[in-house]
Amino acid sequence: MASAARNLDDTLAALAEPTRRRVVDLLRERPRRAGELADAFRVSAPAMSRHLRVLRTRGLVEEEPGGPDADARVRVYRLRAEPFRELQSWLAQVESFWSEQLGAFKAHAERSRKARRR
């Protein structure tokens, strides 16, 4: 359980930065070269490299394996599904908690309303 919590913390920390969230949005469409991402955000290659390093070390993205003819200097990144599944699972648990709380509040309000009518 501690590992899952740590993974969730890493995911949320990585996504706390707006540029990294926008990188994730672009990568949802398709894998992209690092240079293409830098151009899309009008940031320097080193700045994008730092963002991609954070996303990679937190496990949110990975480098796409290159074929035998791939240029080793060109890095293509894609999203990894697992961290987003873990995030979605946690959000579903939070949503369930609030749904239960709202359901209990609604039941209480309805009981109170009926009691006042008597």
(message) Could you sort the peptides 55-61, 43-49, 76-82, 101-107 by per-residue average Cβ neighbour count (10 Å cutoff), highest mean leading?
(response) 55-61, 76-82, 43-49, 101-107
(message) Using each residue's phi in the stretch 107-118, evaluate 6.51 cos²θ - 1.76 cosθ + 1.60 at θ = phi - 60° and report the 3J(HN,Hα) Karplus result to the nearest Hz, with x for Gly and Pro.
(response) 4, 4, 4, 5, 5, 5, 5, 5, 5, 5, 6, 6
(message) Please list, ordered by chain and number, the residues whose modelled amide H lies under 5 Å from the amide H of Arg80; skip anything fewer than 5 residues away on the same chain.
(response) Val61, Glu62
(message) From Cα pairs below 8 angstrom and at least 6 apart in sequence, can you work out the relative contact order of the stretch 2-117, rounded to a whole percent?
(response) 27
(message) About the Cα centre, and with charges only on the beta carbon of Lys, Arg (+1) and Asp, Glu (-1), how big is the dipole of the stretch 2-117? Nearest 20 debye, please.
(response) 740
(request) Take the alpha carbon atoms of the chain, find their radius of gyration, then divide it by 2.2 N^0.38 Å using N residues; give the quotient. (result) 1.60
(request) Putting +1 on Lys and Arg Cβ atoms and -1 on Asp and Glu Cβ atoms, find which of Phe97, Asn7, Gly35 reaches farthest to the positive end of the dipole of the chain. (result) Phe97
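Bear in mind that the values in this text are calculations on the coordinates, not laboratory data. These numbers come from a predicted model, not from an experiment. Cβ sites come from the backbone with ideal geometry, for glycine too, and all protein chains shown count toward neighbours.
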